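Accompanying notes for the structure given below.
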Amino acid sequence: MLPTAVSARAPGRVNLIGEHLDYNGGRSLPIAIDLATTATVTRSADGRTRCRSSAETPGWTAYVTGVLAALEVTEPLHVTITSDLPIGAGLSSSAALECSVALAVNDLLGLGRSRSELVQACVRAETEYVGVPTGGMDQTTSLYADAGAALLLDFADDSRTPVPFDPSDAGLTLLVIDTRVSHALVDGAYAARRADCESAAKHLGIQHLASATADQIEGLPGGRIGRRARHVFTEQARVRAYVDAVAADHWQTAGTLMTASHESLRDDYEVSCPELDLAAGTATALGALGARMTGGGFGGSAIALAPSDLLERIRNGVAAAFADNGHDAPTFYEVEASRGAEVLSAT
Ligand code: ADP
Ligand code: MG
């Protein structure tokens with residue numbers, strides 16, 4: 001017998017390194033975090049689909065109805081959402097919302113979709129129904145992550161490889177600094193970066209810019225397109241080096257790579273902003289092994305890999321630097337590689 005009520009939980013994520021590589025056929029290395037969204041879904045008794053959330057924002061139900069449409073669900077449902085994820089902080093509350101709904105509905109209605117089909121449905125909900133382009137990293141992480149491991153995602157061949165990630169063994173903590181800013185240029189700038197990368201790949205006659213060789217990158221005309229391509233090339237190399245560093249417990253190297261990633265995103269890809277630069281720069285100056293913006297940029301969150309005994313100093317120092325510069329107070333989260341989405345109850 002099918003259940004009458006299903007609750008499913010789906011986490012947000014932090015990308016450790018490999019930024020803006022998903023749509024370039026490159027690799028990224030996200031972890032799921034222990035902040036999540038829970039969807040409780042029941043069949044509707046009144047013939048109408050209703051959505052409620054503890055954090056309603058204009059237009060939010062499109063994420064839910066988009067998932068239902070992508071799963072070809074026509075039966076009216078009641079969907080209730082709770083979450084402890086900050087919204088719009090670059091920790092992917094949108095994917096957490098989609099994935100929690102998709103998993104709950106799949107179970108409630110016995111749709112029998114695989115996790116990979118649920119990822120596809122959630123990506124379609126966001127790109128086609130909400131209208132926000134997304135490369136699939138967030139949904140894949142939310143639905144596939146395991147505790148204690150990052151996921152090495154390869155967007156050229158769609159493979160997923162778990163990479164054990166536990167800096168606490170080395171006395172380190174991954175600190176998220178939510179700048180609480182979201183700059184209005186995000187969507188247009190994202191589309192412009194994609195277009196730049198497509199024109200570089202076209203110029204080189206290759207499908208994915210991330211597969212370009214060093215010679216090809218050097219042969220590109222200078223200027224903006226050349227800088228964008230250089231970020232993609234160097235970031236792809238940093239992902240490889242980061243995976244090796246983590247496997248060898250070379251945490252200082254991992255930190256240095258994170259800082260280099262930030263500089264590349266700031267200078268070559270030009271997707272940072274003063275608040276992200278201040279968060280990453282202050283954290284590093286106060287003893288973090290490295291820090292970088294994470295997510296699309298222009299606001300959202302930075303991450304710092306820091307000795308656990310320096311966390312308080314870093315938090316206080318970043319907060320003070322934000323105050324000195326007239327920015328709103330940032331929010332901090334200590335995160336670790338956490339489990340992916342799961343059905344919590346079916347009754
Ligand atoms: P991020 O994914 O980084 O948090 P996005 O802009 O991609 O930021 O997604 C945020 C949007 O997702 C919100 O504006 C809202 O429409 C929707 N959303 C996310 N979580 C919730 C929630 N718990 N309740 C209602 N809407 C949500
Ligand atoms: Mg999002």
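Here are some notes:
- Among the numbered conditions (1) in contact with a strand residue (DSSP E or B) (Cβ under 7 Å, 6 or more places away or on another chain); (2) aromatic (Phe, Trp, Tyr); (3) within 21 Å of Gly340 (Cα to Cα), the only one that Tyr63 does not meet is (1).
- Test set (1) surrounded by fewer than 24 Cβ atoms within 10 Å (Cβ to Cβ); (2) closer than 25 Å to Thr294 by Cα; (3) out of contact with any strand residue (DSSP E or B) (no Cβ under 6 Å at 6 or more places or on another chain) - His20 fails condition number: (1)
- Listed by position, the helices (runs of 4 or more DSSP H) inside the stretch 165-257 whose residues that are of a type in the set (Phe, Trp, Tyr), at negative phi and at pLDDT 95 or above number at least 2 are 224-247.
- In the stretch 285-337, of all residues being under 14 Å from Leu174 (Cα atoms) and of a type in the set (Phe, Trp, Tyr), the one that is nearest to the chain's Cα centre (by Cα) corresponds to Tyr333.
- Hey, Tyr63 buried (at least 17 other Cβ atoms within 10 Å of the Cβ), among the aromatic types (Phe, Trp, Tyr) and within 16 Å of ligand 2 (Cβ to nearest atom) or not: yes
- Strands (runs of 3 or more DSSP E) within the stretch 1-77 that include 2 or more residues within 21 Å of the chain's Cα centre (by Cα): 5-15, 30-43
- Looking at Leu97, Leu91, Leu111, Leu103, just one residue is buried (at least 24 other Cβ atoms within 10 Å of the Cβ), of a type outside the set (Gly, Ala, Ser) and assigned to a loop (DSSP other than H, G, I, E, B), and that residue is Leu91.
- For the stretch 265-272, the condition of being at pLDDT 95 or above, closer than 21 Å to Ile31 by Cα, part of a helix (DSSP H, G or I) and not assigned by TED's automatic domain parsing to the domain that holds Asn15 holds for at least one residue.
- The residue list Ala147, Ala125 contains one member that is away from ligand 1 (no atom under 16 Å from the Cβ) and over 30 Å from Pro274 (Cβ atoms), which is Ala147.
- Check on Gly136, at positive phi, more than 16 Å from ligand 1 (Cβ to nearest atom) and in contact with an Asp or Glu (Cβ under 8 Å, 6 or more places away or on another chain): no
- Sub-9 Å Cβ pairs linking a first residue in the stretch 125-150 that is more than 21 Å from Ala189 (Cα to Cα) to a second residue that is at pLDDT 95 or above and of a type in the set (Phe, Trp, Tyr), at least 6 apart or interchain, are Ala125/Tyr63; Gly148/Phe165; Ala149/Phe165; Ala150/Phe165, ordered by first then second residue.
- Hits in the stretch 224-240 (condition: free of Cβ contacts under 8 Å to residues at least 40 places away in the same chain and among the polar types (S, T, N, Q)): Thr234
- Residues that are in contact (Cβ under 8 Å) with a residue 60 or more places away in the chain, within 6 Å of ligand 1 (Cβ to nearest atom) and touching a helix residue (DSSP H, G or I) at 6+ places or on another chain (Cβ under 7 Å), drawn from the stretch 75-100: Ser92, Leu97
The values are calculated or read from the model by the stated rules, or taken from the named source; none is laboratory data. All of these numbers come straight from a predicted model, not from anything done at the bench. Don't worry about glycine lacking a Cβ; one is built from the backbone with ideal geometry, like all the others, and counts go over all protein chains shown.
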